[in-house]
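Following: one structure in structure tokens, then a few remarks.
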There are 2 protein chains.
Amino acid sequence: MQRMDTLREDAADPAVDAVIGAIHSIGRLIRQGVTGSDLDPGSFWMLKTLAKQGPLRVTELAGHANLDTSTVSRHVTQLERAGFVGRTPDPDDRRAQLVELSDGGRDRLHSAMAQRRALLTAGLRDWPAEEVTEFARLLDRFVSDIDKTTSGENE
Amino acid sequence: MQRMDTLREDAADPAVDAVIGAIHSIGRLIRQGVTGSDLDPGSFWMLKTLAKQGPLRVTELAGHANLDTSTVSRHVTQLERAGFVGRTPDPDDRRAQLVELSDGGRDRLHSAMAQRRALLTAGLRDWPAEEVTEFARLLDRFVSDIDKTTSGENE
DNA sequence: ACATTTGCTTGCAGCATACAAGTAGATATA
DNA sequence: TATATCTACTTGTATGCTGCAAGCAAATGT
């Protein structure tokens with residue numbers, strides 16, 4: 001029953017399969033690496049998104065994270081209690097509120113980033129600089145290409 | 001302790017940060033892409049590991065996945081009920097059992113692989129072949145280098 | 001004004017996970 | 001051999017993340 005491989009010519013591309021395998025492994029690495037962090041993956045994701053995008057509504061945050069609004073709402077509650085984000089009423093819409101990274105949240109994010117960075121830097125330690133650059137370039141293109149594909153065809 | 005950034009010059013490497021950002025995004029992509037699949041991420045992970053490594057004990061599987069034994073035990077129960085894996089007693093140790101991919105599990109894995117492959121292939125569609133190869137090579141090295149690092153220093 | 005839509009929160013249920021306790025079998029030591 | 005300890009696995013329990021549905025407040029449309 002392994003002849004499915006031979007059914008589709010593109011499916012047999014070993015490079016694509018290698019990419020799948022690597023993504024698979026990266027998933028595991030992230031799980032491991034993140035476990036030791038003082039910031040759970042969801043919170044990290046949200047803080048990072050806020051840092052990148054600026055203040056966002058709960059709904060927008062949910063859209064970016066691909067999570068339900070209720071989930072994000074609870075996360076925000078926790079993050080607020082922890083002092084990592086602040087809520088300010090949206091001047092344009094009193095139902096809405098802008099979630100904003102606090103200084104404490106920024107610090108926490110930075111330390112979490114540093115942890116991940118240390119892990120990756122260790123992995124990339126022996127790489128020649130131009131290969132790191134190339135790798136970053138390819139990764140970036142990869143993500144944006146997949147983004148284009150999925151947003152264009154899926155929804 | 002948050003100016004670790006300035007302490008280590010390599011931490012400021014924008015390429016490394018770009019890699020972090022990309023990994024971050026890939027995490028999200030996986031979460032999205034996998035949601036539509038007929039196989040949940042955990043099961044996919046286990047089936048793929050079994051396909052790659054051959055029959056494994058529950059403990060070994062747990063080690064590979066970095067999960068608690070109990071969690072894997074429950075997963076195996078489900079997968080067995082679904083007919084995707086079989087259990088055979090370990091001839092060397094009657095407490096242990098070898099979890100083995102069944103034909104049905106292999107089929108299921110292949111179809112799940114095909115889904116992911118379709119997603120990635122779509123993303124890589126416009127890439128020149130040699131860049132895909134290069135990308136796969138870098139990803140592979142990246143994973144194995146991080147593996148080396150973590151296994152060497154962490155445990 | 002009233003109905004509908006939108007942004008958010010909360011109640012609820014499902015699932016993954018870890019830790020702890022229990023069982024069966026293996027290993028070590030006296 | 002007998003007993004203690006260790007190991008592989010399962011099951012009980014608790015916790016956390018998640019989505020869906022219901023509810024509330026505010027905005028928008030008619």
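Projecting 7 Å from Cα along the Cα-to-Cβ direction, the label point of B:Ala118 sits 4.3 nm from its equivalents in the other copies, listed shortest first. Residues whose amide H falls under 5 Å from that of A:Ser102, counting only those 5 or more places apart or on a different chain, are A:Val85, A:Gly86, with hydrogens built in the peptide plane.
Across the identical copies, the label point of A:Ala82 (7 Å from Cα in the Cβ direction) is separated from its matches by 3.1 nm, in order from shortest. A:Arg95 label point (Cα plus 7 Å toward Cβ) to equivalent points in the other copies: 5.9 nm, shortest first. Database remark: amide H of B:Arg57 closer than 5 angstrom to the amide H of B:Val99 (H placed geometrically; neighbours at sequence offset of 5 or more, or on other chains; Pro and chain starts carry no H).
Label separation (B:Ser111 vs A:Arg137): 4.1 nm, computed from points 7 Å beyond Cα along the C-beta direction.
Amide H to amide H distances under 5 Å link A:Ala96 with A:Asp90, where only residues 5 or more positions off or on other chains count and H is placed in the peptide plane.
Every number in this text was worked out from the coordinates using simple rules, so none of it is lab data. None of these values were measured; they are calculated from a predicted model. Positions of Cβ are backbone-derived with ideal geometry, glycine not excepted, and every protein chain shown enters the neighbour counts.
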